[in-house]
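Structure, as structure tokens:
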Amino acid sequence: MSLSETLDPKDWKKTRALAHRMIDDMFDYLKEIRSKPVWRKVPENIKNYFKSPLPVDGESLEAIYLEFREKILPYPMGNIHPRFWGWALGTGTITGALAEFLASTMNSNIGGGCHGAVLVEQQVINWIKEMIGFQSSASGLLTSGCSAANLIGLLVARNKKTKFNVRKKGVQKISSKLVVYASKEIHSSIQKAIEIMGLGSDQLHLLPVNHNFQIELDLLQNAIIKDRKKGYQPFCIVGGAGTINTGSFDNLEALSELCKKENLWFHIDGAFGAWATLVPGMKKKIFGMLEADSIALDLHKWMYLPYEIGCILIRDETAHRLTFNLMPEYLYHDKKDNGLIGGALPWFSDYGFQLSRRFRALKAWISIKENGIKKYSRLIQQNIDQAKYLAVLIESHPKLELSAPVFLNIVCFRYLLQGYSPKSLDELNKKIIIELQEKGIAVLSGTKISNKFVMRAAIFNHRSTQKDYDLLITKIVKIGNNFAKKLES
Ligand SMILES: *Cc1c(COP(=O)(O)O)cnc(C)c1O
């Protein structure tokens, strides 16, 4: 019987050599990513490969690494490539990847305590507040992403605005229906949050938008009055700072005033749009954002960090803590234990639903130090300029049409043919996206604008250059023309 088996390498020297090889390979892989297709279909034999049985005995790490290189690495999602603009995906960085290795090696748990990783997360949260100009006394938490951040923000809002102890009595005790407002353009994670909170998605009242894709303020005001008359209990408005379809900004200043007047919580989904504060020319759009009670944002989109990292900021630290704090005996630590692991610092587990939490702060800390804020500001500006450039290419082409104004870094557009039914144009645009992807040229996603299917490029890519946009347009027109010819024959 061995009482000292371990998972550490048997042969440290050999494993170290392999680790060096992995790093070298990954550097080559990323450096040469441009020469590879954006995306490749996973062949059937590879899909079947992942139905292999549960390993009983182990094998060498080297053999497994070769398997990774052959069976996994050639089939990335594609968002590391310069011509990936689908959904709202970030590109990641090699620094971020290295930081993940450093963080996982330390394997600190940031549920709480007093140790290096906690200090780093505290500093990163403070930096984020400073970067977007949010109140410095606000509390915050790094999250897996903006979905988790939105959920936390709305939970605090619900608990603060409910007149009884909802943590103890539960939502069943709520006699009048709690209502949340947002525009139809708001992200689906808000609906998910409302559902998870047990409020029911019927209580998320989505309002129409104006021609600038902003929530209709008059309709919103009327809805609040009407709902109150019906006996509902409105408690929160969610504003969009960078909405998912078009990158539009709600009139945040007006929403903030309305919230104050109606005594509602003002939450902002600023997943990517909040970062536009780093660009001087964008400040006006973001007026009112700093008045929010809570802001949810992502760092794995427009801060270009590898997945996952998001953040929630809450103006009222007490309301935040009172929504989540719970300290059972087995987590006992004395606030006076300065210098011990339990420590004198607040525990992050008192600010969210997770107890154990990974050291995701390190990749942000290292990257922000390495690049400085000025560089992020330039890169975000560059993506905005690239979106404008793409829009010019589209508008100056007779077969293409812009489907929505370009508010930020998202471009929605269509390939057009005279005399075709709306349905066949929808099909044609869908086919173009598929062909671009299947040929490995570029990845766009699609959405609906004014009930028409459109192609959509969302630019969170620090690797794209002007030529990539030129190529995209050339290829789209070529593919579109080919399909059109087939339709005619
Ligand atoms: C991506 C996104 C979300 C969801 O964030 P995740 O990080 O994917 O959980 C929410 N709102 C907007 C506007 C987004 O773009």
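Descriptive notes on the structure:
- Accessible surface, the stretch 425-489, averaged per residue in Å² (probe 1.4 Å): 46 Å²
- Bridge type composition, the stretch 88-241 - antiparallel percent by DSSP, nearest 5: 10 percent
- For the chain, the mean residue ellipticity at 222 nm estimated from helices alone is -13500 deg cm²/dmol, where every DSSP H run of n ≥ 4 contributes -39500 (n - 2.57) and the total is divided by all residues, rounded to the nearest 500.
- Residue-by-residue Karplus 3J(HN,Hα) for the stretch 76-87, coefficients 6.51, -1.76, 1.60, Hz, glycine and proline x: x, 5, x, 6, 7, 8, x, 10, 9, 9, x, 6
- Antiparallel bridge percentage (DSSP; both residues within the stretch 163-284; nearest 5): 15 percent
- Entries of Lys184/Lys301; Lys301/Lys375; Lys301/Lys475; Lys399/Lys452; Lys430/Lys475 with Cα pairs more than 18 Å apart: Lys184/Lys301; Lys301/Lys475
- Qualifying chymotrypsin sites (Phe, Trp or Tyr not before Pro) in the stretch 127-208, where qualification requires a DSSP coil assignment and no more than 15 other C-beta atoms within 10 Å, comprise Phe164.
- Quarter of Cα convex hull surface for the stretch 1-46, i.e. mean projection, nm²: 6.3 nm²
- The order of the peptides 67-75, 297-305 by mean Cβ neighbours within 10 Å, most packed first, is 297-305, 67-75.
- Peptide packing for 172-180, 288-296, 252-260 was compared via the average number of neighbouring C-beta atoms within 10 Å per residue; ordered from the highest value, the list is 288-296, 252-260, 172-180.
- Anisotropy class of the stretch 1-118 from Cα gyration tensor, a/c 1.5 cut: oblate
- The order of Lys399, Lys31, Lys161 by accessible area, most exposed first and with a 1.4 Å probe, is Lys31, Lys399, Lys161.
- Distance distribution note for the stretch 255-328: the fraction of Cα pairs above 19 angstrom is 47%.
- Subtracting the Cα-Cα distance of Glu5 and Arg378 from 0.36 nm times their residue separation leaves 129.1 nm of extension gain.
- When the square roots of the Cα gyration tensor eigenvalues are ordered a ≥ b ≥ c, the ratio a/c for the stretch 177-243 is 1.5 or more and a/b does not exceed b/c, which makes its shape oblate.
- Inter-part distance, the stretch 260-334 to the stretch 65-117, computed on C-alpha centroids, equals 23 Å.
- Across the stretch 349-489 the C-alpha pair distances fall into 10 Å bins from zero in the proportions 10, 34, 25, 16, 10, 3, 0 percent.
- When each of the peptides 339-346, 139-146 is scored by the mean number of other C-beta atoms lying within 10 Å of its residues, the order from highest to lowest reads 139-146, 339-346.
- Solvent-accessible surface of the stretch 288-424, averaged per residue with a 1.4 angstrom probe and all protein chains in place: 47 square angstrom.
- For the stretch 240-390: rounded, prolate or oblate by the Cα gyration tensor [a/c cutoff 1.5]: oblate
- Projected-area average for the chain over all orientations - Cα convex hull basis, square nanometres: 28.6 nm²
- Using C-alpha pairs below 8 Å separated by at least 6 residues, the relative contact order for the chain is 21 percent.
- Amide H partners (placed H, <5 Å) of Asn251, local residues excluded: Ile215
- What a 1.4 Å probe finds exposed on the stretch 261-334 is 58% carbon and sulfur by accessible area, rounded to a whole percent.
- Share antiparallel - DSSP beta bridges, the chain, percent rounded to 5: 60 percent
- Charged side chains reduced to their Cβ positions (Lys and Arg at +1, Asp and Glu at -1) give the stretch 357-489 a dipole of some 660 debye around its Cα centre.
The values are calculated or read from the model by the stated rules, or taken from the named source; none is laboratory data. Bear in mind the structure is a predicted one, so any value in this text is a computation, not a measurement. Positions of Cβ are backbone-derived with ideal geometry, glycine not excepted, and every protein chain shown enters the neighbour counts. Only protein heavy atoms, including side chains, enter the accessible area calculation; ligands, DNA and RNA are left aside. Shrake-Rupley method; radii C 1.70, N 1.55, O 1.52, S 1.80 Å.
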